[in-house]
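Some notes on the structure that comes next.
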2 protein chains.
Amino acid sequence: MMTDLDTLSINTIRGLCMDAIQAADSGHPGTPLDIAPVAYTLWQRFLRFDPADPIWPNRDRFVLSEGHASALLWSLLHLTGVHAVDPDYEILGRRAVTLDDLRSFRRLDSHCPGHPEYRLTSGVETTTGPLGQGVATSVGMAIAGQWLAARYNRDGFPLFDFDVYALAGDGCMMEGVSSEAASLAGHLRLSKLCWIYDSNRVTIEGHTRITFTEDVAERFLAYGWNVTTVADANDLDAVSRALHSFKAETERPTLVVVHSHIGYGSPVEDTPEAHGAPLGPDGVRAAKRFFGLPEDADFFVPPQVYDWFAEGIGARGDRARAAWEGGLKAYRDAYPQAADELERIQRRELPDDWESALTTFPPDPKGMATRDSSGRVLNALAQAVPWLLGGSADLAPSTKTRLVFDGTGDFQAGDHSGRNLHFGVREHAAAAIANGMAVTKLRPFWSGFLIFSDYARGAIRLSALMEIPVLHIFTHDSIGVGEDGPTHQPVEQLASLRAMPGLLVFRPADANEVVETWRVVAALRHEPAALVLSRQALPTFDRSGFGAASGVAKGAYVLAEAPSGTPDVILLATGSEVALALAARDELAAEGISARVVSMPCWELFDRQPREYRDQVIPPGVTARVAIEQASTLGWDRYIGDGGAVVGMHTFGASAPLKQLLTKFGFTPEGVSQVARERVAAGRGEA
Amino acid sequence: MMTDLDTLSINTIRGLCMDAIQAADSGHPGTPLDIAPVAYTLWQRFLRFDPADPIWPNRDRFVLSEGHASALLWSLLHLTGVHAVDPDYEILGRRAVTLDDLRSFRRLDSHCPGHPEYRLTSGVETTTGPLGQGVATSVGMAIAGQWLAARYNRDGFPLFDFDVYALAGDGCMMEGVSSEAASLAGHLRLSKLCWIYDSNRVTIEGHTRITFTEDVAERFLAYGWNVTTVADANDLDAVSRALHSFKAETERPTLVVVHSHIGYGSPVEDTPEAHGAPLGPDGVRAAKRFFGLPEDADFFVPPQVYDWFAEGIGARGDRARAAWEGGLKAYRDAYPQAADELERIQRRELPDDWESALTTFPPDPKGMATRDSSGRVLNALAQAVPWLLGGSADLAPSTKTRLVFDGTGDFQAGDHSGRNLHFGVREHAAAAIANGMAVTKLRPFWSGFLIFSDYARGAIRLSALMEIPVLHIFTHDSIGVGEDGPTHQPVEQLASLRAMPGLLVFRPADANEVVETWRVVAALRHEPAALVLSRQALPTFDRSGFGAASGVAKGAYVLAEAPSGTPDVILLATGSEVALALAARDELAAEGISARVVSMPCWELFDRQPREYRDQVIPPGVTARVAIEQASTLGWDRYIGDGGAVVGMHTFGASAPLKQLLTKFGFTPEGVSQVARERVAAGRGEA
């Protein structure tokens, strides 16, 4: 039943959205107008969320997957009085979103940016805007919730039983990533997951009848979801009934299909014009008249609306959180170890002794593939860090990321305690799900072949933008894949990942660099990392007289000094090409050319070092430099300078055994030495 | 009904596949063993394909979407005696795939690489291997077929009525791109499209029950497809019935779900081990025994099998092609203009007078967005080139790619003559579909925001790998999108696209550079291009005394010479930053610093110029250089050299009006001048 306060609250939200968009002269009014009643009902009547503690671990999650409707979220956060949280998760004593923030919607330094941004505004559970990402990420949150429950709940202590809601539009439902995620959510029977599909049937190009006529409800039934429909977004009782049906469902995720009218109540209702442009002063005025709002008041909030939210979501959330914290106190007494883990998880800290899991590998000229050494280190670390978990996009036997020690089974519908996820051949969803697990504070990894990082870029980017410590593990990292050929040989992926701000890209050269890579990435709290690993065996270097692998932490280091002590040439390499650089160094030494070998596993960390260190590793005076990497040469010029050259890839590779490819593409000691010789000669003016 | 020759042929295929994989000691035997009977039935009884003319325009298309089963395709191409075609579409007088090619499967320069590669081996309709791409591309082929029929068929001349078949595995069905494509294919009622789903229920990590338990048939019914099932892949009659059901269907695309057993007949049947590793000599021997093949004969082909294929697909294809060519002769007399167009399409040539569609824009300090000028040029060109067609991933009103002249409607289920496609919010499928249209020799474009190129990279990469002239049009190319903020501000996408071999990336600076960009890209025959365009207005330069926009064809050119004639500093820029460089040049001139402005719309073309030209544009003696681009700085070092600097982006941007962002990130004449001043000082040793 709708009360006057319901109506008043919903229309207040609508008014705030229209005013914010009008003030910004930019934004998307159509969706907030159509779906405000649904969001309101969810927040006011269902969402277990304490505005005074928006990071309470057992809160229900709300994801605005149609992120362009951000004004709706900003209005809700304002009206419910959600408190601000600083980027390191400290709750501050002020509102996250003030009326002034709403007034400065979409302006520099406002807490109300154009799309919801994680950590910029508290109450935002994940960054959204690129369509499909929010719903896919919500699956990761639901997985995390189930896993936390399986690991930490005890008889009498249901610490984790939160629900995850995602509000999605037609666009989200068309994107492939949402299909992948929905299929997996159905398979895993994530019954605490609810997607609300705001079916307003209008997108930017027009009515969905021009491109999107499938039966979405039937599709989700095929995925194994519970599906229910609300015929009119303005019918709060119907919305409530649908959400009760979700709450009552214990086997399947739920899709609530809500039929709505984009731009409801405005002059552009049901047209694409309502989507992405302000209504204009006249349009706003007309809509306010329709909603019974005062036409001349901007950012109008009747005081009783604040009270009403405080009595609804506020009081409910406060009670729930208080009860939970009471329970946690007793839990801490009964299960101190588990409670300690939970606190560390919340603070993104690791167990005290985690580094003791890291041991070194003995020198071995035959060595092993870095995917193999990484798999071993991962397994050791995962035993020390119980909330390190993940899986592969159907490539675990190849990427070596399966956790195989005792007590680690599969995360499946029947058993949510497992730490091995089977993402299926769904790379994009895998990465988005990892994002969802990371914003729920777990330490997730996912793995695939480096070539398929392309499929997941949309989600990898969000991990970097959100500054969350997701581990993207990519193996088969070069033409080293050999016979599978150009469709499977990554060439441009390294450069593409390095181009992404905030992502640490590691390409370790041997097993001990792998150990040191894991030492860095395990401790990350606010950065994602990509681990780029070989399919083929690489020697484990004998480091006597060589630089220590701990140099990985500085991004690049002198692995092998020039035999003469004064380099004639510097060989820069990463990953599998470091051993090649060492071989070239030997060959050059035989003819009196003294080459230093620099291993550069992580450009981003190297760029952060003081100039002094960088100049030690790559002395400006040594201009003869050769970079060696089985990848696009883009970006290497920064390190090789005007006198340098790159032995890299300029094509997509070829299908053949690796040895043939190395010769064909010049990755041989002779090939590298020849380029080095030329650089040295050029530096001496002999060229 | 199965004859002995059917059985013998199928098992011969299986034997060839096992032997090729064993000889390579690398490959994927599981799928060829399970699905050989289905592929055989399709080719021998249905496929309208002339081995002697594998590029006959009205041939049925066969796409091996599960590309790892390439040995199956190589065996079929060998047994049917498909003729080789050179990369420029000339038919050669030899077999495309010899027994020796099969013997050198997966070795350097074999015609039988690890995955099917378009243009490397005739009979390969599109490059496959990355899962999902083949099926999505097949939708583009089916669209092209319908469009060709709508435009060129006449009463009594059904020139185009080909079917498109794609063979897909569990992996293809899990990938998001296939969901996007299937939804659109259902919407468009592409009844000449048939996907055969080889449901062997085993992927690399194990049985599909661990991750993929949705009801695929029901999902496709929801998309609006005709769905039929074959309970046993070895039942040729059932396969034939299913394919007849497809042939009889006139309203919907068809999905044939075939239940099969991976590694059928081998010791590893029904296990993941059958997927991606050779069976070993013993395994091959056991399987050959099971199939009644001689155990000791490698690459065994009974002569009657060649004859049998010649009598089946060979004779049927020859008759069909001969009849078609007879018809075309009469058609040419009756419709010379249309026939001429068809010939040009086949040769990838444009109408003689196409360049007359290109006019110049007058100087205009206010100017227009390059998305707008591009939209105008596209519309002019599309009138001159009738087979230039495409659409947007639901952003046409923003990307300005809609064709709006008379006679260009929508391509829809009811009317396949339209040249405007509505791809929906499905970027990945849009790009894959464009690939499919391009391999059918049309000139397709698709458009979206630059940020969403990330979603489509898997398919963009294939356009580059296949060397097909797809036009990827990306607008909203920088922080110029303003208020939508970091989720929508492309920063790393330019570098990512530039890292891709074979893709020409253009970022024109004004309306006349847009014209010249289109002049280059329209004429491309074997390269894809990305057009990177602004949302915001850019001035149309007054070029008196300036370099001509035709310099675009050389990738970079001197737009404005240094006022003194001898540059103290070179300002390098692309797109929207070129006008900024000009403003900085003026500011610097006022203080006696003489700056040359170089516009660099296409790095790839510039890198192809002779050194002499490159040194003219960027003289090695002028080491004070500043690059200006609202993007990741990765890659610029190649042009700025050791003495240079880049004004670029190091974060993901922010949500604010553009003007605020330009100041925040240093994209102002003062900001650029300051950096230039420092570079000049450093060059003079004053720093």
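Any chance the range A:508-518 includes a residue that's of a type in the set (G, A, S) and open to solvent by 20 Å² or more (accessible area, probe 1.4 Å)?
So in the range A:508-518, the residues of a type in the set (G, A, S) come out as A:509, A:511.
Next cut, open to solvent by 20 Å² or more (accessible area, probe 1.4 Å) only: none.
So far as the range A:508-518 goes, no, none of its residues is of a type in the set (G, A, S) and open to solvent by 20 Å² or more (accessible area, probe 1.4 Å).
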Quiz item: When B:E251 is evaluated against the numbered criteria (1) charged (D, E, K, R); (2) open to solvent by less than 40 Å² (accessible area, probe 1.4 Å); (3) in contact (Cβ under 8 Å) with a residue 12 or more places away in the chain; (4) within 14 Å of chain A (Cβ to nearest Cβ), which criterion, by number, is the only one it fails?
Solution: (2)
Quiz item: Taking the range B:140-195 only, how many residues are β-branched (V, I, T) and either farther than 23 Å from A:Y223 by Cα or outside the structural domain of B:W225 (by TED's automatic domain parsing) (or both)?
Solution: 2
Practice problem: Could you list, in sequence order, all residues of the range A:393-435 that are more than 20 Å from the chain's Cα centre (by Cα) and among the β-branched types (V, I, T)? | Solution: A:V404, A:T408
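Return yes when B:G265 is in contact (Cβ under 8 Å) with a residue 12 or more places away in the chain, over 24 Å from B:V97 (Cα atoms) and among the small types (G, A, S) and no when it is not.
Values: in contact (Cβ under 8 Å) with a residue 12 or more places away in the chain: yes; over 24 Å from B:V97 (Cα atoms): yes; among the small types (G, A, S): yes.
Judged against the criteria, B:G265 is a match.
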Practice problem: Tell me, yes or no, whether the range B:527-536 has at least one residue that is buried (at least 24 other Cβ atoms within 10 Å of the Cβ), of a type in the set (V, I, T) and not in a helix (DSSP H, G or I). | Solution: yes
Quiz item: Hey, does the range B:128-151 have a residue that's away from every other protein chain (no Cβ under 13 Å), polar (S, T, N, Q) and outside any helix (DSSP H, G or I)?
Solution: no
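Just to be sure, is B:H422 at pLDDT 95 or above and either under 21 Å from B:G132 (Cα atoms) or crowded, with 24+ Cβ neighbours inside 10 Å (or both)?
In short, yes.
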Quiz prompt | So B:F246, is it under 13 Å from B:Y197 (Cβ atoms), surrounded by 17 or more Cβ atoms within 10 Å (Cβ to Cβ), without any contact (Cβ under 8 Å) to a residue 40 or more places away in the chain and under 34 Å from the mean Cα position of the chain (by Cα) | solution = no
Exercise. Kindly indicate which of B:P37, B:P54 is touching a residue at least 24 places away in the same chain (Cβ under 8 Å) and assigned to a loop (DSSP other than H, G, I, E, B).
Key: B:P54
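Quick check on the range A:562-586: of everything there that is open to solvent by 40 Å² or more (accessible area, probe 1.4 Å) and free of Cβ contacts under 8 Å to residues at least 60 places away in the same chain, which residue is farthest from A:W603 (Cα to Cα)? Lay out the reasoning, then the answer.
Keep residues of the range A:562-586 that are open to solvent by 40 Å² or more (accessible area, probe 1.4 Å), which gives A:563-566, A:568, A:586.
Pick out the ones that are also free of Cβ contacts under 8 Å to residues at least 60 places away in the same chain and you get A:563-566.
Working: A:P563: 25, A:S564: 27, A:G565: 25, A:T566: 24 Å.
Of everything passing the filter in the range A:562-586, A:S564 is farthest from A:W603 (Cα to Cα).
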Quiz item: Restricted to the range B:155-197, and to residues that are over 30 Å from A:Q133 (Cβ atoms), aliphatic (A, V, I, L, M) and buried (at least 24 other Cβ atoms within 10 Å of the Cβ), which residue is nearest to the other protein chains (Cβ to nearest Cβ)?
Solution: B:L167
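Determine which member of the set B:R457, B:R507 is basic (K, R) and touching a strand residue (DSSP E or B) at 6+ places or on another chain (Cβ under 9 Å). Please lay out each step first, then the result.
Numbers: B:R457 fails: touching a strand residue (DSSP E or B) at 6+ places or on another chain (Cβ under 9 Å).
Step by step, each of B:R457, B:R507 is checked, and only B:R507 is basic (K, R) and touching a strand residue (DSSP E or B) at 6+ places or on another chain (Cβ under 9 Å).
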Self-check item: Enumeration of residues in the range B:449-492 that are farther than 14 Å from B:P528 by Cβ, away from every other protein chain (no Cβ under 11 Å) and open to solvent by less than 10 Å² (accessible area, probe 1.4 Å)
Solution: B:L450, B:T475, B:D477, B:S478, B:I479, B:G480
Quiz item: Among A:G409, A:G414, A:G424, which is over 26 Å from A:E467 (Cβ atoms) and touching a residue at least 60 places away in the same chain (Cβ under 8 Å)?
Solution: A:G424
Exercise. From (1) touching a strand residue (DSSP E or B) at 6+ places or on another chain (Cβ under 6 Å); (2) of a type outside the set (K, R); (3) within 14 Å of another protein chain (Cβ to nearest Cβ); (4) surrounded by fewer than 19 Cβ atoms within 10 Å (Cβ to Cβ), pick out the condition that doesn't hold for A:V227.
Key: (4)
Quiz item: For the range A:58-97, which strands (runs of 3 or more DSSP E) that fit wholly inside it have 1 or more residues that are surrounded by 23 or more Cβ atoms within 10 Å (Cβ to Cβ) and not aromatic (F, W, Y)?
Solution: A:61-64
Quiz item: Does the range B:211-218 include one or more residues that are closer than 21 Å to B:Y40 by Cβ and either in a strand (DSSP E or B) or in contact with a strand residue (DSSP E or B) (Cβ under 7 Å, 6 or more places away or on another chain) (or both)?
Solution: no
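So, in the range B:201-210, exactly how many residues are part of a helix (DSSP H, G or I) and either at the interface with chain A (Cβ under 7 Å from one of its Cβ atoms) or touching a residue at least 12 places away in the same chain (Cβ under 8 Å) (or both)? First the steps, then the outcome.
Taking the range B:201-210 and keeping what is part of a helix (DSSP H, G or I), we get B:208-210.
Within this subset, residues satisfying the condition of being either at the interface with chain A (Cβ under 7 Å from one of its Cβ atoms) or touching a residue at least 12 places away in the same chain (Cβ under 8 Å) (or both) are B:208, B:210.
Within the range B:201-210, residues that are part of a helix (DSSP H, G or I) and either at the interface with chain A (Cβ under 7 Å from one of its Cβ atoms) or touching a residue at least 12 places away in the same chain (Cβ under 8 Å) (or both) number 2.
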Exercise. Filter the helices (runs of 4 or more DSSP H) completely within the range B:617-687 down to those with at least 2 residues that are crowded, with 17+ Cβ neighbours inside 10 Å and on the phi > 0 side of the Ramachandran plot.
Key: none
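Applying the selection to the range B:1-56, what residues are open to solvent by 20 Å² or more (accessible area, probe 1.4 Å) and either touching a Lys or Arg at 6+ places or on another chain (Cβ under 7 Å) or within 14 Å of another protein chain (Cβ to nearest Cβ) (or both)? Working first, answer last.
Going through the range B:1-56, the residues open to solvent by 20 Å² or more (accessible area, probe 1.4 Å) turn out to be B:1-5, B:7-8, B:22-23, B:25, B:28, B:45-46, B:48, B:52-53, B:55.
Residues satisfying the conditions are B:Q22, B:A23, B:D25, B:H28, B:R48, B:D53.
Among the residues of the range B:98-109, write down those that are within 11 Å of chain A (Cβ to nearest Cβ) and open to solvent by 10 Å² or more (accessible area, probe 1.4 Å).
Going residue by residue through the range B:98-109, those that are within 11 Å of chain A (Cβ to nearest Cβ) are B:104-109.
Across the range B:98-109, the qualifying residues are B:S104, B:R107, B:L108, B:D109.
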Exercise. Any residue in the range A:294-311 that's among the polar types (S, T, N, Q): show its pairings with residues that are surrounded by 13 or more Cβ atoms within 10 Å (Cβ to Cβ) and not in a loop (DSSP other than H, G, I, E, B) at Cβ separation under 7 Å, as long as the two are six or more apart or on different chains.
Key: A:Q304/A:L5
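Considering only residues that are of a type in the set (D, E, K, R) and without any contact (Cβ under 8 Å) to a residue 60 or more places away in the chain, look in the range B:326-348 and name the one that is farthest from B:D60 (Cα to Cα).
B:D333
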Exercise. Can you confirm whether the range A:198-213 contains a residue that is open to solvent by 40 Å² or more (accessible area, probe 1.4 Å), among the small types (G, A, S) and at pLDDT 95 or above?
Key: no
Quiz prompt | Filter result for B:R371 (in a helix (DSSP H, G or I), at pLDDT 95 or above and open to solvent by 10 Å² or more (accessible area, probe 1.4 Å)) | solution = yes
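Out of the residues in the range B:587-608 that are within 34 Å of the chain's Cα centre (by Cα) and surrounded by fewer than 17 Cβ atoms within 10 Å (Cβ to Cβ), state the one that is nearest to B:R498 (Cα to Cα).
Step one: list which residues in the range B:587-608 are within 34 Å of the chain's Cα centre (by Cα), which gives B:598-608.
Filter again for surrounded by fewer than 17 Cβ atoms within 10 Å (Cβ to Cβ), leaving B:607-608.
Numbers: B:D607: 12, B:R608: 14 Å.
Selected residue: B:D607.
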Quiz item: Tally time: how many residues in the range A:219-251 are in a helix (DSSP H, G or I) and acidic (D, E)?
Solution: 1
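The values are calculated or read from the model by the stated rules, or taken from the named source; none is laboratory data. Owing to the predicted nature of the structure, the values given are computational and were not obtained by experimental measurement. Cβ sites come from the backbone with ideal geometry, for glycine too, and all protein chains shown count toward neighbours. The protein model used for the area step is the full one, side chains on, heavy atoms only, and it has no ligands, DNA or RNA in it. Shrake-Rupley method; radii C 1.70, N 1.55, O 1.52, S 1.80 Å.
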